[in-house]
1. R263 versus E162, label points 7 Å from Cα toward the beta carbon: distance in nm?
2. So how much slack lies between F334 and D288, counting 0.36 nm per residue of separation and subtracting their Cα-Cα distance, in nm?
3. Percent antiparallel among DSSP beta bridges with both residues in the range 81-205, to the nearest 5?
4. Once the Cβ-Cβ distance between R76 and D238 is put in as r, and R0 is 41 Å, what FRET efficiency do you end up with, to the nearest 0.05?
5. Just order 138-149, 156-167 by mean Cβ neighbour count inside 10 Å, highest at the front, would you?
6. Quick one: order W151, W104 from most to least accessible surface, probe 1.4 Å.
7. Please figure out what share of the DSSP beta bridges in the range 211-346 is antiparallel and state it in percent, rounded to the nearest 5.
8. With a 1.4 Å probe and every protein chain left in place, tell me how much accessible area L132 has, in Å² to the nearest 10.
Amino acid sequence: MLEQLTRRQMIGGLAVAGPLAALGLSACGGGGGDAAVAAASTAAMDAHGATPVVDHGPVVAPRDPHVTFPAAAPPRSTTKVHKIEMEVDEHLLEIAEDRTMLAWCFAMKGEKGTLPGPVIRVTEGDRIDFTLHNTGTLPHSMDFHAAKISWSRHYGPVAPGESASFSFVARVPGVFMYHCGVPPVLLHIGQGQYGTIIVDPADESLLPPAQEFVIVQTDVYPGMNGATSDFAALQRADPELVVFNGYANQYTGDAAIRIRKNRVVRVFVQNAGPNRWSAFHVIGALFDRVYAEGIYPENLTRGCQTLNLSPSQGAVVEFTVDEDGSYPFVSHDFHDHAKGAFGLFTTNGEGTGGAG
Ligand SMILES: [Cu+2]
């Protein structure tokens with residue numbers, strides 16, 4: 001399988017050269033469910049639409065079965081210095097039922113790459129010592145939106161087989177994107193090189209214990225049978241799929257996200273784009289508290305129905321439900337909802353989600 005995947009990586013790497021060259025661009029420039037939940041999920045899907053089925057022909061490359069991306073947020077950090085080493089893992093991933101894409105994932109060193117990349121959680125004032133090992137086949141880089149450091153000194157391309165390091169102190173609390181910045185950035189983010197870093201406020205009273213989740217929205221433009229993304233579609237901002245945490249309609253059926261009624265649900269929401277805006281909305285709920293961008297008291301909004309996020313923006317939303325049942329979460333841009341930006345919170349079954 002390794003040989004096949006390696007060959008596929010090569011095919012994917014070569015496949016991009018044609019269309020990019022034609023455009024004058026360079027790729028190298030720079031919890032267990034129950035019947036009630038399943039029924040509720042199906043009913044909600046029927047009511048709110050599902051991803052249209054598109055025939056892309058036979059899948060020609062081997063792939064691992066889809067593993068639900070854990071929506072539960074990692075716990076608050078307990079260390080002041082974080083040594084983070086990431087690699088580039090190029091492999092075929094499922095992004096919807098019977099649909100795959102060749103992803104250029106950021107992965108923690110030695111781990112399998114996922115979409116989105118690993119969720120990092122630190123606290124305001126923590127230092128991050130970061131190293132990128134470019135184990136991919138093209139130059140890549142890393143750009144942390146949580147950092148205030150020089151682009152020209154730290155965010156340059158790292159050649160295949162090379163490593164590069166930089167450090168920064170996370171001085172601003174919030175929900176921030178990280179991504180590759182090698183031109184064309186549109187392609188590298190579109191190919192899966194994105195993730196989220198949560199910077200908790202040093203003042204823990206701003207984010208008291210709650211059931212905590214991470215939802216990252218992206219628009220996806222997969223190529224045919226594992227080739228690199230459809231760059232023309234990326235340029236038109238015309239995605240085939242719009243997904244939460246890397247997979248269309250992921251948190252439905254047995255994978256619906258369990259919450260408890262009368263307990264605060266906190267969602268760290270990120271719109272990684274690369275192109276579409278996000279209109280995050282939970283049907284049947286109002287956001288009692290929203291921190292759009294920096295987590296400071298002056299950024300607090302109450303009584304919010306829909307969170308408006310441009311590509312790259314992140315926010316914290318909190319809500320409670322006082323009635324048992326299922327509560328769909330969508331992009332209220334229903335063009336995108338119909339392409340897979342849909343999931344379910346549910347109080348049915350045991351609460352297995354975030355702590356609190
Ligand atoms: Cu890259």
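The values are calculated or read from the model by the stated rules, or taken from the named source; none is laboratory data. Please read these numbers as outputs of a predicted model, since none were measured by experiment. Using ideal geometry, Cβ is built from the backbone for each residue, glycine included, and neighbour counts are taken over all protein chains shown. Only protein heavy atoms, including side chains, enter the accessible area calculation; ligands, DNA and RNA are left aside. Shrake-Rupley method; radii C 1.70, N 1.55, O 1.52, S 1.80 Å.
1. In this crude spin-label approximation the distance works out to 4.9 nm.
2. Here the answer is 14.2 nm.
3. 70
4. 0.55
5. Per-residue Cβ counts within 10 Å, averaged per peptide and sorted highest first, yield 138-149, 156-167.
6. Listed by decreasing accessible area, they come as W151, W104.
7. Expressed as a percentage, antiparallel bridges in the range 211-346 total about 75.
8. Number for this one is 0 Å².
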